[in-house]
Amino acid sequence: MQDKKNESYLDNINPTIKKTLNHEQKQEIKSVLKRLLPPAYGKEVIDIRFTFWFLKKWYFVFIFGLDQRRDIEFMPDQRQNRALIIIFKAIIFLLIILGLLASAFGILYALKSISGIDLFPSSHFNIL
């Protein structure tokens, strides 16, 4: 499927320029497109995508599965992008950990309340 996608991109090249390309040049263009284009979807275990209605340019994508992307070398001027990616990964990791801890605390508190265990008899945490 990826080769068909690359062929369709090559069809968009100006026909006069396309005639001047030799076989090696076409193969190199296909190779670059294969490295740059995302792989065909379908092998992900979880694929969640949605946009925020209140922010027009922001969206959320969560894909869980085997990483089938090829490593793309960063250009020297893209080192800032690499730093931003690392920072965003760290923030997302921390948010996931905090969410898991909050969920675990809530579940443990609910189990404690359901079982009737009273750790501090003189004080209670009233939710309502």
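Search segment 37-66 for residues that are more than 19 Å from K89 (Cβ to Cβ) and polar (S, T, N, Q) and pair each with any residue that is modelled with pLDDT of 75 or more and not in a loop (DSSP other than H, G, I, E, B) when their beta-carbon atoms are under 7 Å apart and the residues are at least 6 apart or on different chains.
T51/Y59
Go through (1) modelled with pLDDT of 80 or more; (2) of a type in the set (F, W, Y); (3) surrounded by fewer than 10 Cβ atoms within 10 Å (Cβ to Cβ) for F93 and report which single condition fails.
Just one mismatch for F93, condition (3).
Please enumerate the residues belonging to segment 46-63 that are of a type outside the set (D, E, K, R) and assigned to a loop (DSSP other than H, G, I, E, B).
F52, W53, F54, L55, W58
Quick one: in segment 1-39, which of the residues that are surrounded by 10 or more Cβ atoms within 10 Å (Cβ to Cβ) and acidic (D, E) is modelled with the lowest pLDDT?
Residue satisfying both the conditions and the ranking: D3.
The values are calculated or read from the model by the stated rules, or taken from the named source; none is laboratory data. All values derive from a computational prediction rather than experimental measurement. So basically every Cβ, Gly included, is an ideal-geometry build from the backbone, and we count neighbours across all protein chains shown.
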